[in-house]
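A short write-up of the structure that comes next.
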Amino acid sequence: MTLTISRRTTLALGAAAAASTLFKPHVARAAAPFEQPKLPFAEDALAPQISARTVALHYGKHHKGYYTKLNELVPNTPYADMTLEEVVKQSKAKGDDAIFNQAGQAWNHEFYWQQFAGGPTKPSTALEEAATRDFGGVTGLNEAIVAQADKVFGTGWVWLAKDGDKLAVRGYQDAGNPVPDGLKPLLGIDVWEHAYYLDYENRKADHIKTVLADRVNWTWVGEQFA
């Protein structure tokens, strides 16, 4: 039997595929050599909250550098046959700090860029209900993220994660993330100075507040939660 597909059906399928690509959950990349994914938007797409210059340096220098260094370290090691997420878990468990620092930052930034693509949007009903249950509402959740960032001394990340059925806000030093702890990351806020200093100087809290309010694709975050 021959299946005939109309032009309208073809367009509809194309639109559905594009939407699934835009909002797909974070997926670990294949084994080494690890390749930095393309930025999922133009460098100026996050302005004015995050300037094009900050994105260019953050993505083109810092993020790229983690892949370069990681690919120098993993050849002829057991990590060479692992996915990036597996490298993060195994290197953390084994205390291989040199590998973990590069793999963690590569993974963290893959997640970081994805959460802005297609945004900003409002939280899904399920995520909003969870925020109300665990933090008194979306405002309370955002305030908890900002407060946690103030507790991360120096360099690091603040993560919104799913811990069982509940939401958790965790701070991590340097390249840390919730993956080795068995938690599911939902949102990552980079509090290294290269993420905000060109635009906000030392006003880290202002950067985080405006990113949460006006840049995050909360629909995508809700899909990670679901």
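Descriptive notes on the structure:
- Among (1) under 16 Å from Glu35 (Cα atoms); (2) open to solvent by less than 60 Å² (accessible area, probe 1.4 Å), the one test that Gln115 misses: (1)
- The residues listed here are Pro33, Pro25, Pro40; of these, the one that is modelled with pLDDT of 95 or more, closer than 27 Å to Val179 by Cβ, outside any helix (DSSP H, G or I) and open to solvent by 40 Å² or more (accessible area, probe 1.4 Å) is Pro40.
- Unique match (being at pLDDT 95 or above and in contact with a Ser or Thr (Cβ under 6 Å, 6 or more places away or on another chain)) among Asp174, Asp163: Asp174
- Count of residues meeting criterion [assigned to a helix (DSSP H, G or I) and among the hydroxyl-bearing types (Ser, Thr, Tyr)] in segment 157-193: 0
- Condition check for Ala93: part of a helix (DSSP H, G or I), of a type in the set (A, V, I, L, M) and either crowded, with 17+ Cβ neighbours inside 10 Å or on the phi > 0 side of the Ramachandran plot (or both): no
- Across segment 128-143, the qualifying residues are those that are touching an Asp or Glu at 6+ places or on another chain (Cβ under 9 Å) and assigned to a helix (DSSP H, G or I), and the one among them that is most open to solvent (accessible area, probe 1.4 Å) is Phe135.
- Pairs linking a residue in segment 121-136 that is over 8 Å from Leu167 (Cβ atoms) to a residue that is of a type in the set (Ser, Thr, Tyr), with Cβ atoms under 7 Å and 6 or more positions apart or on different chains, are Thr121/Thr219; Ser124/Thr219.
- Pairs, first farther than 14 Å from Asn71 by Cβ and at pLDDT 95 or above in segment 83-105, second polar (S, T, N, Q) and not in a helix (DSSP H, G or I), C-beta under 7 Å, six or more apart: Gly104/Asn177
The values are calculated or read from the model by the stated rules, or taken from the named source; none is laboratory data. Note that this is a predicted model, so its numbers are computed, not measured. Here the Cβ is made from the backbone with ideal geometry for all residues, glycine too, and neighbour counts use every protein chain on show. We work out accessible area using only protein heavy atoms, side chains counted, and drop any ligands, DNA or RNA first. Shrake-Rupley method; radii C 1.70, N 1.55, O 1.52, S 1.80 Å.
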